[in-house]
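The values are calculated or read from the model by the stated rules, or taken from the named source; none is laboratory data. Computed from a prediction, not measured in an experiment: that's the story for all the values here. No Cβ is skipped: glycine too gets one built from the backbone with ideal geometry, and neighbour counts run over all protein chains shown. The protein model used for the area step is the full one, side chains on, heavy atoms only, and it has no ligands, DNA or RNA in it. Shrake-Rupley method; radii C 1.70, N 1.55, O 1.52, S 1.80 Å.
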Amino acid sequence: MLRILIAEDEDIIRKGLVYTTDWLSMDSVVVAEAANGQEGYEKILEYRPDVVIADICMPYLDGIEMIEKASRQVKFKSILLTSYADFEYAKRAITARVSEYLLKPVDETALAEILQRLKQELSGERQMEHAMEHLEQAELEGGNLNLEYYKKLDRSENRYVSRTIERIREHFAEKISIESISEELGVSASYLSRKFKEVTGQTFLDFLNKYRVQQAVTLLETGDYRIGEISEATGFTDYKHFCSVFKKYTLKSPTKFIKQV
């Protein structure tokens with residue numbers, strides 16, 4: 001699963017990317033967001049994402065400056081997001097070794113294709129690094145190493161975390177918890193909770209709530225359902241709690257969101 005960080009100074013665009021994009025279908029999760037280049041730089045160092053999606057024009061540090069500065073300390077792939085089809089920007093992006101360069105508004109199909117390609121690149125790079133580490137150790141110990149075995153390893157996820165994410169995707173509208181899922185998988189809740197945070201960068205509850213809000217946004221945009229109906233349909237049995245969680249992640253109440261659709 002790809003860990004994504006989004007840096008965009010326009011709240012509406014940033015929140016739109018975070019909560020209206022079906023990240024799970026792209027085998028990705030947004031671990032952090034930033035409203036300017038300096039905040040983005042600091043969060044890259046903190047969260048160490050696999051992919052950074054950044055606007056070019058941001059306060060304090062622009063997207064390219066942020067990527068150049070952060071890449072000296074953290075390895076990640078980068079996608080520049082801009083409304084300016086400017087060749088000079090493109091040349092600077094190439095110099096900064098930016099992976100992709102996309103114009104707004106983002107085409108979700110194109111984004112999915114890019115992320116799939118970046119995931120394959122990252123997987124290959126990490127597996128080769130892992131293989132070389134073991135090769136060096138084997139040489140030191142005078143042993144042999146089957147490189148083909150290590151090339152086939154997929155170290156990107158813990159299998160229990162993968163199953164947990166599937167449970168969230170399939171049962172988000174129901175009453176689910178880390179305890180119930182851990183019991184089903186035959187592991188302790190503390191182990192699953194720890195591994196889930198390691199892989200996704202988020203707690204189970206935070207991840208679940210974000211996914212539920214994402215589904216709520218999709219339903220709200222149709223205009224076919226009342227807020228109370230959407231609250232129940234997305235696993236929030238308490239209307240007030242739904243409104244509170246929705247505003248926490250989108251910075252808007254469901255009612256205000258509907259008025260802006």
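Of all residues in region 111-134, none are touching a strand residue (DSSP E or B) at 6+ places or on another chain (Cβ under 7 Å), modelled with pLDDT of 60 or more and in a loop (DSSP other than H, G, I, E, B).
Picking from residues in region 1-51 that are open to solvent by less than 50 Å² (accessible area, probe 1.4 Å), modelled with pLDDT under 95 and hydroxyl-bearing (Ser, Thr, Tyr), the one that is farthest from Ser253 (Cα to Cα) is Ser28. Considering region 212-236, the residues that are part of a loop (DSSP other than H, G, I, E, B) and free of Cβ contacts under 8 Å to residues at least 60 places away in the same chain include one that is least open to solvent (accessible area, probe 1.4 Å), namely Phe236.
Within the set Phe257, Phe207, the sole residue that is modelled with pLDDT under 90, within 19 Å of Met1 (Cβ to Cβ) and either among the hydrophobic types (A, V, I, L, M, F, W, C) or touching an Asp or Glu at 6+ places or on another chain (Cβ under 6 Å) (or both) turns out to be Phe207. In region 237-256, of all residues being within 23 Å of the chain's Cα centre (by Cα) and among the aromatic types (Phe, Trp, Tyr), the one that is nearest to Glu174 (Cα to Cα) corresponds to Phe242. Looking only at residues in region 202-211 that are in contact (Cβ under 8 Å) with a residue 12 or more places away in the chain and in a helix (DSSP H, G or I), the one that is most open to solvent (accessible area, probe 1.4 Å) is Leu205. What's the number of the condition Val199 fails, among (1) at pLDDT below 85; (2) within 17 Å of the chain's Cα centre (by Cα); (3) open to solvent by 30 Å² or more (accessible area, probe 1.4 Å)? Tallying (1) at pLDDT below 85; (2) within 17 Å of the chain's Cα centre (by Cα); (3) open to solvent by 30 Å² or more (accessible area, probe 1.4 Å), Val199 fails exactly one: (3).
When region 237-258 is examined, which residues are found to be closer than 22 Å to Thr21 by Cβ and open to solvent by 50 Å² or more (accessible area, probe 1.4 Å)? Before you say what the answer is, go through the steps one by one.
Narrowing region 237-258 to residues closer than 22 Å to Thr21 by Cβ: 242, 245-254, 256-258.
Within region 237-258, Lys247, Lys248, Leu251, Lys256, Ile258 meet the criteria.
Restricting to region 148-186, and then to whatever is surrounded by 14 or more Cβ atoms within 10 Å (Cβ to Cβ) and more than 16 Å from Leu208 (Cα to Cα), can you tell me which residue is modelled with the lowest pLDDT? Ranking the qualifying residues of region 148-186, first place goes to Tyr150. Checking each residue in region 187-196 for being of a type in the set (Gly, Ala, Ser) and either within 26 Å of Phe242 (Cα to Cα) or surrounded by fewer than 12 Cβ atoms within 10 Å (Cβ to Cβ) (or both) picks out Ala189, Ser190, Ser193.
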